[in-house]
Amino acid sequence: MSAAASINAQEREEGTQFAPKFDGNGLLSAVVLDAESKQVLVVAFMNAEALTATRKTGKVTFWSRSRQKLWMKGETSGHVLHVEEILVDCDQDALVIYAKPAGPTCHTGRTSCFYRRLDLEADDATALESVLS
């Protein structure tokens, strides 16, 4: 995956070469959606090692910025995310991953990490409201 700097914009945006463009911290964004329902499950970051592990195992693996280590989603709960498809954005610095969850995705036990809606007109003290998840 070291080819990122060696391709031009045209090749990056229109070509067939996978050349992920990691940020200054060596990360790219990954949005994981349920392959069946299309519900957003989790948004996290991957470094090259996490991306390689995900491709090799078929189980979504991230880089934990807080713990500074790899973590496979569901490694302790067993609720892993099985990769169905990975989409790469135009400049190859973000991924959308369609996965089949083997249980709740959020550490709170909810289906998705996105279980609250922001009320745009409310003040911050009461701006979050629960949604089904």
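Some notes on this structure:
- Split the accessible area of segment 89-133 by element, probe 1.4 Å, and carbon with sulfur accounts for 52%.
- Residues of type aspartates and glutamates that Lys38 reaches as a straight line, Cα spacing below 15 Å, ignoring anything fewer than 8 places off in the same chain: Glu84, Glu85
- For Gly109, net neighbour charge (Lys/Arg +1, Asp/Glu -1) across residues whose Cβ lies under 15 Å away: +3
- Sulfur and carbon atoms: percent of accessible area, segment 42-81 [1.4 Å]: 50
- Stretchable slack from Leu120 to Ser66, in nm (0.36 nm times residue separation minus alpha-carbon distance): 16.5 nm
- Once the Cα atoms are used to define both axes, helix 48-57 deviates from the longest principal axis of the chain by about 80 degrees.
- Point-charge dipole on Cβ atoms (K/R +1, D/E -1) for the chain, about Cα centre, debye to 20: 720
- For semi-axes √(5λ) of the Cα gyration tensor in Å, the value calculated from this model appears in (1) 36, 16, 13; (2) 28, 19, 14; (3) 21, 17, 14 under label (2).
- The charge dipole of segment 79-124, taken about its Cα centre with unit charges on the Cβ of Lys, Arg, Asp and Glu (plus for the first two, minus for the last two), comes to roughly 440 debye.
- Solvent exposure of the chain as accessible area per residue, Å², 1.4 Å probe: 62
- Antiparallel DSSP beta bridges within segment 14-133, as percent of all bridges there, nearest 5: 80
The values are calculated or read from the model by the stated rules, or taken from the named source; none is laboratory data. Worth saying up front: this structure is predicted, and the values here are computed from it rather than measured. No Cβ is skipped: glycine too gets one built from the backbone with ideal geometry, and neighbour counts run over all protein chains shown. For accessibility, only protein heavy atoms count, side chains too; no ligands or nucleic acids. Shrake-Rupley method; radii C 1.70, N 1.55, O 1.52, S 1.80 Å.
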